[in-house]
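**Student:** Here's a structure for you.
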Amino acid sequence: MGFGLIDFKTLGDERGSLIAIEEGYNAPFDIKRVYYIFDTKQGVERGFHAHINLKQIAIAVKGSCTFVLDNGKTRKEIKLINPNQGLFIEGLIWREMKDFSADCVLVVLASEHYDESDYIRDYDKFIEEVNR
Ligand code: TYD
């Protein structure tokens, strides 16, 4: 379990920039689902859950937001401000998202289809699961 930043290579020319993400190359899992969070209202905090199996890469393709990542022992904040960086998260990590800029578009690539049974939405249960 863990998390870390992936640097994506920016391709581009005088017309502008382009980033490609392909499973097996710069995404370390098969991508089954893509979703994006946008128009987040000021002061909103989201997330507040962990996943049992899901792997994800979150990219602020526009604007910025901050992830709070908690492995049950320590908490770390990572600010996403650049479309060429992806935050990879796998295993039992409690995540919260905050400080969304008004223009933030947060794209998330996921290794599995949406499955509510993969979520742990209770922090105490998360700690129990980490210590199991
Ligand atoms: P939620 O889990 O509350 O989002 P966040 O963790 O970012 O705060 O999801 C909001 C709603 O969207 C909830 O009703 C579940 C639904 N949803 C899907 O149907 N499919 C998905 O892929 C995701 C991520 C959420």
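**Student:** If you average the sequence gap of Cα pairs under 8 Å that are 6 or more apart and divide by the length of the chain, what percent do you get for the contact order? Please report the intermediate quantities before stating the final value.
**Tutor:** Details: 307 pairs, mean separation 46.5, N = 132.
Dividing the mean separation by the residue count of the chain yields 35 percent.
**Student:** Please report the spacing between the Cα centers of region 57-73 and region 4-22 in Å, no decimals.
**Tutor:** 19
**Student:** Here's something else I'd like to know. If N is the number of residues in region 43-93, what value comes out of its Cα radius of gyration divided by 2.2 N^0.38 Å? Intermediate results must be reported in sequence, preceding the final value.
**Tutor:** Values: Rg = 11.3 Å, N = 51, 2.2 N^0.38 = 9.8 Å.
It is 1.15.
**Student:** Order the peptides 94-105, 116-127, 54-65 from the highest to the lowest mean number of other Cβ atoms within 10 Å of their residues. List each step's numbers first, then the result.
**Tutor:** On the way: 94-105: 17.4, 116-127: 12.6, 54-65: 20.1.
The peptides rank, most packed first, as 54-65, 94-105, 116-127.
**Student:** So, in nm, how far is label V34 from label I19 when the simple model puts each one 7 Å beyond its Cα toward the Cβ?
**Tutor:** Distance between the two pseudo-spin positions: 1.3 nm.
**Student:** Quick one: how many lysine pairs does the chain have with C-alpha atoms less than 26 Å apart and a gap of 8 or more or different chains? Give me the count, please.
**Tutor:** The number of close lysine pairs in the chain is 27.
**Student:** On a full-extension model of 0.36 nm per residue, what is the gain between T66 and D124, subtracting their alpha-carbon distance, rounded to one decimal in nm? Intermediate values should be presented prior to the final figure.
**Tutor:** On the way: separation 58, 0.36 × 58 = 20.88 nm, distance 2.27 nm.
Result: 18.6 nm gained on full extension.
**Student:** If you don't mind, another one. Per 5 Å bin, what is the whole-percent P(r) computed from every C-alpha pair distance within region 64-109?
**Tutor:** 5, 19, 32, 25, 12, 6, 0
**Student:** Label-point separation (nm) for Y114 and N82, each offset 7 Å from Cα along Cα-to-Cβ?
**Tutor:** Label-label distance for Y114 and N82, simple model: 3.2 nm.
**Student:** What's the Kirkwood radius of the chain in Å, using all Cα pairs?
**Tutor:** Details: mean 1/r = 0.0651 Å⁻¹.
Here the Kirkwood hydrodynamic radius works out to 15.4 Å.
Every number here is computed from the coordinates shown, using simple stated rules; none is lab data. Values in this document were obtained by computation on a predicted structure and should not be read as measured data. A quick note on method: Cβ atoms are made from the backbone with ideal geometry, for glycine too, and the neighbour counts reach across all protein chains shown.
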